[in-house]
Amino acid sequence: MALVINKEECVGCGSCAATCPVGAIKEVDGKYEIGEECVECGACAGVCPVGAIKQP
């Protein structure tokens, strides 16, 4: 299963989307979501300044 972004913790900075090598992260209403295209590489989790990206 793909990684998930906790919307309550997400600050909407976009670092995760810029880092995703497969373009699986999109902005929705000022926060970010990880789509089914996620390959679970973890690149996004490594750049999230607030630690909002985790395994479900």
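The values are calculated or read from the model by the stated rules, or taken from the named source; none is laboratory data. Since this is a predicted model, take the numbers as computed values, not measurements. Backbone-built Cβ (ideal geometry, glycine too); neighbour counts: all protein chains shown. Side chains included, ligands, DNA and RNA excluded: accessible areas come from the protein's heavy atoms. Shrake-Rupley method; radii C 1.70, N 1.55, O 1.52, S 1.80 Å.
Could you please find all residues in the stretch 25-47 being open to solvent by less than 40 Å² (accessible area, probe 1.4 Å) and either over 8 Å from the mean Cα position of the chain (by Cα) or touching a residue at least 60 places away in the same chain (Cβ under 8 Å) (or both)?
Gly30, Gly35, Cys38, Gly42, Ala43
Report every pair of residues separated by at least 6 positions or lying on different chains whose Cβ atoms are under 6 Å apart, first residue within the stretch 1-12 and closer than 14 Å to Gln55 by Cα, second open to solvent by 90 Å² or more (accessible area, probe 1.4 Å) and not hydrophobic (A, V, I, L, M, F, W, C).
If the second residue must be open to solvent by 90 Å² or more (accessible area, probe 1.4 Å) and not hydrophobic (A, V, I, L, M, F, W, C), the pairs left are Met1/Pro56; Val4/Pro56.
So for the stretch 1-19 (the condition being modelled with pLDDT under 95, open to solvent by 30 Å² or more (accessible area, probe 1.4 Å) and touching a Pro at 6+ places or on another chain (Cβ under 6 Å)), does at least one residue qualify?
yes
Considering each of Glu27, Glu9 in turn, give the residue that is among the acidic types (Asp, Glu) and not in a loop (DSSP other than H, G, I, E, B).
Glu27 is the lone residue from the list that is among the acidic types (Asp, Glu) and not in a loop (DSSP other than H, G, I, E, B).
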